[in-house]
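The values are calculated or read from the model by the stated rules, or taken from the named source; none is laboratory data. These figures come from a predicted structure and were not determined experimentally. Cβ: placed from backbone, ideal geometry, glycine included. Neighbour counts: every protein chain shown.
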């Protein structure tokens, strides 16, 4: 399983309870897909760099986890179809490569 980092932005008009439910929903979704070591950071409401779907602010959430690639594809499809998520991005951090290049110097 590879390491992934997903950052997503929820609509700012969601209440605290709905934000917590959305976070739990995506954590549970990843667990059901076989993800492990799920670490979630709730970054709070922040101003967006540009307007997205008439929203000037958004609730930022970051998740770091180890999962198979199929889990990432299913998670992104779920977020794409959701009304509560206005933007998402998943990356595969190059942890091993960065450590190896630091040793070479």
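Quick check on residue 59: is it touching a helix residue (DSSP H, G or I) at 6+ places or on another chain (Cβ under 9 Å) and either modelled with pLDDT under 90 or surrounded by 11 or more Cβ atoms within 10 Å (Cβ to Cβ) (or both)? Spelling it out, residue 59 is indeed touching a helix residue (DSSP H, G or I) at 6+ places or on another chain (Cβ under 9 Å) and either modelled with pLDDT under 90 or surrounded by 11 or more Cβ atoms within 10 Å (Cβ to Cβ) (or both). Residues of the stretch 2-29 that are touching a residue at least 12 places away in the same chain (Cβ under 8 Å) and either assigned to a helix (DSSP H, G or I) or at positive phi (or both): 18, 19, 22, 23, 26, 27, 29.
Here's the yes/no breakdown for (1) surrounded by 16 or more Cβ atoms within 10 Å (Cβ to Cβ); (2) outside any helix (DSSP H, G or I); (3) at pLDDT 95 or above:
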site	(1), (2), (3)
31	no, no, no
41	no, yes, no
71	yes, no, no
79	yes, no, no
